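Contents: one structure, followed by commentary.
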Amino acid sequence: RWPLSDDGTSLYWAGLNKGKRSVALDLKHENGRDTFRDILSAPGEDGGILLTNLTGPAWLSYDELRKVRPNLIMVSLTGHNDGNAAVDYTVNCAVGIPMATGYATPDKPVNNMLPAWDAIAGMTLAMAILAAERHRRKTGEGQHVTLALSDVAYALVSNLGYASEAEAMERDRPAIGNHMYGALGHNLSTKDDRQVMFVVLTERHWQALLKVTNTADAMAEIANKRGLDLSSDAGRYEARDDIIVELTKWSKTQTLAEVGPVFDEARLLWGPYQTFQQMVHEDPRATLENPMFDQIDQDGVGRVLASGSPLNFIGKDRQKVRPASRVGADTYAVLNDVLGK
């Protein structure tokens, strides 16, 4: 999977598999399946947890695997809840997001390059494992939990009110470019041809923005001309295009290096638009200044900056980031550690 290093190593795969040990088993043959079952049934209260997106084989069913581990925790990921296959892109297109992204028209939807549903599904699966493991510690019982990738997406667009808006209000979320729906938020151009995103969520944000940009009089004129209350989210949203014109007059007189400190001092919500290269070379939050990151030597890639877990357990040292193993590289070590053979 792209992106690839110069020698063809998948940076995508390496990034997702940091710190994991890799065991290669031939599950098409019974000896491979026996080893798999041996690992699953190895003694210890922390074992017996299986996360899989394989479906179909009878020997891999929950009822069959419970025979070797009665308190098995099994979490199964499917594409759709009817059993049909799906991936992030084929789910995203069906939940309305591309039709409300960019300046889309019905014949030109805009996909989001972030595999959001994959990422959220991963976190949901981790939560399912933790909940099932907690239940097992309290009751001794295992569980089989299933999750459909598309249900992750349908649930979130429902929870965010997007589905209710379509059903109850009989309207679709419009594609409005970089504007924030129902409030004030947009990108601003700077003197040095950079872009910053800002968001106004409270009256304090609004008043602070007017002060630092010296646009109070211009905004009062917009309010009078449009007959809108710019102290409200709705009023600012309705006047968004006029507001951005006035704010851009100010931002075009400032460099990115000047905008940042001013917005920070005013405690405004903002961020610079950055390419991936600008992020890794210019943003201190994405360097070793952030304790989440570490330098690792990744086989097939070289020395790279890599993130550990974003979770920070107070009073505990962060674990060192470990490179991803080559597929199957840890087979014998794991079999020795877990099975003693």
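The values are calculated or read from the model by the stated rules, or taken from the named source; none is laboratory data. Here the structure is a predicted model, which means the values were calculated and not measured. Note that we place each Cβ from the backbone using ideal geometry, even for glycine, and neighbour counts take in every protein chain shown. Calculation scope for accessible area: heavy atoms of the full protein, side chains included, ligands and nucleic acids excluded. Shrake-Rupley method; radii C 1.70, N 1.55, O 1.52, S 1.80 Å.
In table form, for the structure just shown:
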| quantity | calculated |
| --- | --- |
| Accessible carbon and sulfur surface of the stretch 70-109 relative to its total accessible area, %, 1.4 Å | 61 |
| Nonlocal Lys pairs with alpha-carbon distance under 23 Å, the chain (8 or more apart, or different chains) | 16 |
| Accessible surface of the stretch 1-67, 1.4 Å probe, proportion on carbon and sulfur as whole % | 52 |
| Accessible surface of the stretch 206-341 [probe 1.4 Å, protein heavy atoms]: carbon and sulfur percent | 52 |
| Proximal charge balance of residue 131 [Cβ under 13 Å; K/R count +1, D/E count -1] | +2 |
| Check: the chain dipole with +1 on Lys, Arg Cβ and -1 on Asp, Glu Cβ, in debye | 760 |
| Rounded tilt (10° steps) of 240-251 against the dominant C-alpha axis of the chain | 80 |
| Per residue value of the accessible surface for the stretch 246-341 (all protein chains in place, 1.4 Å probe), Å² | 70 |
| Estimated translational D of the stretch 64-131 in µm²/s (Stokes, Kirkwood radius over Cα pairs; 20 °C; 1.002 mPa s) | 148 |
| 0 to 90° range, to nearest 10: angle between helix 256-265 axis and the chain longest Cα axis | 90 |
| Among 303, 21, 322: highest mean-square fluctuation, GNM of the chain, C-alpha pairs under 10 Å | 303 |
| Gaussian network model of the chain, Cα within-10 Å springs - most flexible of 79, 227, 48 | 227 |
| Most mobile listed residue (131, 168, 100) in the chain, GNM with C-alpha springs under 10 Å | 168 |
| Long-range HN-HN contacts of residue 255 with modeled amide H, under 5 Å | 191 |
| Of all DSSP beta bridges in the chain, antiparallel share, percent nearest 5 | 65 |
| Nearest 10 degrees, 0 to 90: helix 116-139 Cα axis against the chain principal axis | 50 |
| Surface per residue (accessible, 1.4 Å probe) for the stretch 88-216, Å² | 57 |
| Computed over the chain, the ratio Rg/Rh where both radii use C-alpha atoms and Rh is Kirkwood | 1.05 |
| Cleavage-rule hits, GluC sites (Glu not before Pro), the stretch 1-98, DSSP coil, Cβ neighbours within 10 Å at most 13 | 45 |
